[in-house]
Each structure stands twice: as structure tokens, then as C-alpha cells.
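The values are calculated or read from the model by the stated rules, or taken from the named source; none is laboratory data. As the structure is a prediction and not an experimental result, all values here were calculated from the model. When we count neighbours, we look across all protein chains shown, and the Cβ atoms used for this are built from the backbone with ideal geometry, even at glycine. For accessibility, only protein heavy atoms count, side chains too; no ligands or nucleic acids. Shrake-Rupley method; radii C 1.70, N 1.55, O 1.52, S 1.80 Å.
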Amino acid sequence: MATVDTARETRSRSGEKELTILEHLEELRYRLIVCSVTLVVAMLASLWPLSGMLIDYLAEPAVEHLQGGKLAFFDPLEYWSTYFRVTLLLGVSMAMPVILYQTLAFVGPGLTKDERRWMYGVVVGGSIAFVGGMAFAYYIELPPALNFLIGQTGENTVPVLGIRKYIDFVTRLMFITGVVFQMPLVIMGLAKMGLVRSAKLLGWWRYAIIMAAVVGAVVTPSVDPITQTFLGGAILTLYFVGIGLAKLVEGGSIVRT
């Protein structure tokens, strides 16, 4: 039986009508199943020993601020719930190429085989950008944020961090930043489809500054201004990178009249 991608491509070349609502729902179901299976397989591959190693690695920025240099847990299940949270982050990272491809294939209907080629570059670039965003969060955003939040305690107070809340904070920060780093590719994709123009986006730079500050404040899993400023600055920088990518591809729009 032909796959969903083959059926869609055949329709595009033969000039048939678009998929019906039920066919769209069936296609969505198919792509969600593919993403889910891939994610489960990736999580199983990450269970041991990668998740335990990553927990130790994520704890390192906080160690210097903690009494005894270790994270604490306060109930028997706390460590293992944290373990599976880290496994989920690893699974998402490993499954990202498949998730991105399935998403692009679903939202880009009617593309021919030649037009699909640009999608592979976006998938590779998006996967690298996601990992790069997580690295940016860990190496650039996290150390000054921790120094601000727990590094300035008084003489009679010492920070004691529970592993669940700390890892929850770090993984959310890394995941959000990884998603934010997809922005240039999203803008490029919209330009490729003819939905936005680089000149128009550049003209909105004042609004972009405001939106970067607002989004940075809203999505950051912390109230500290250090993390919010770093994330807002990253959003603004990525916006202009996206404008540059849009300029490169907008001449070859794939939208057909």
C-alpha cells in the first residue's frame, strides 16, 4: 500500500483535488504514530546509561553553590521521576529529525519531489539548531542564572536544591531555548512558501524588539532578569538570522497560483 507521502505526491502531479477532512485526519494520525514510535524507541535507547550520565552533567553548574556539592531528593520516587524526565529530553533530541520531517510533510501539502528536497536541509538544520539551543541554555544562560538565584545567599543561609525541581528548571530552560532556536528555519519556511517577505520582516524590527522582550519574560522558567535577558537577546538575534535566510529563499517561492 502506498504511503501517505506517495499518495500526496501523486495527487500533486496529477492535479487532483486536495485531501478531504477525513483524509487529512488520517494523515495526521499516521504522522503522529510515526513520531510517537520514534520517540519511544529513542527514549528506550536513552534509558541506560545516558540518562544517569546526563543528570550528573546537568547538576554540575549548581554543585559549586550547594552545601556538600550534591543535589538532594526527599522521597523515594523523586530521583526516578527525574530520571524519566531527562530520558524524555534525550528522546526528543534524538527523535527531532523525524519529528521535524513529519511536521513539515504535513503542513506542506502538494509539494512535488523536487520541491521536497529543500525540506531535508531544513530537517538537518532544525535538528542541529535544537541541540545548539539546548547547549546555549546550558553553557550561556544557566551559569549566570544560578549565580543570581542561589549564589548570593546570606551568611546564615545555604542553598539546598531538590533534584526534581532543579532538573525540572534546567530541562525546561533547555527545551524552550531549543524550540526558540527553530525560529530562523520557521521564518525561512514561511518565506519559501511566499507567506512573508524579508523586507516586511525587517521593517518590523521595532516590534521584534518588544516581542523578544515579552516572549523572553513569559517563556523563561524563572523570574530572574539574567535568563530573561539572555533568552530575549537570543530571540532577537535569531529573528534577524531568519530574515537573512528568508532573503536567500524568497525568490523561489513554492506557492503556486
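Some notes on this structure:
- Only helices reaching 18 angstrom along their own axis (Cα) with mean Kyte-Doolittle hydropathy no lower than -1.0 count here, and for the DSSP H runs of the chain these are 21-46, 50-63, 78-107, 113-136, 163-180, 205-219, 225-249.
- Burial order of peptide ranges 39-52, 118-131 (average beta-carbon count within 10 Å, highest first): 118-131, 39-52
- Equivalent-ellipsoid semi-axes of the chain, from the Cα gyration tensor, Å, largest first: 40, 25, 12
- Each principal axis of the stretch 183-225 carries a Cα extent, and these read 38, 20, 11 Å when sorted largest first.
- Lysine pairs in the chain with Cα atoms under 20 Å, if 8 or more residues apart or on separate chains: 6
- Solvent exposure, largest accessible area first (probe 1.4 Å, DNA, RNA and ligands not counted), of Glu155, Glu64, Glu23: Glu155, Glu64, Glu23
- Zone of Thr103's modelled label, taken as backbone nitrogen in the stretch 130-148 under 20 Å from a point 7 Å along Cα→Cβ: 130-138
- Gain in span if fully extended, Tyr120 to Trp205, counting 0.36 nm per residue against the direct Cα distance: 27.6 nm
- From the Kirkwood radius over Cα pairs of the stretch 154-257, Stokes-Einstein at 37 °C and 0.692 mPa s returns a whole-number translational diffusion coefficient of 211 µm²/s.
- Of all accessible heavy-atom area on the chain, the percent that carbon and sulfur account for (1.4 Å): 69 percent
- Taking only the alpha carbons of the stretch 92-185, we obtain Rg and Dmax values of 18.6, 67 Å in that order.
- Each peptide in 160-168, 229-237 gets a packing score, the mean of other Cβ atoms within 10 Å over its residues, and the list from highest to lowest is 229-237, 160-168.
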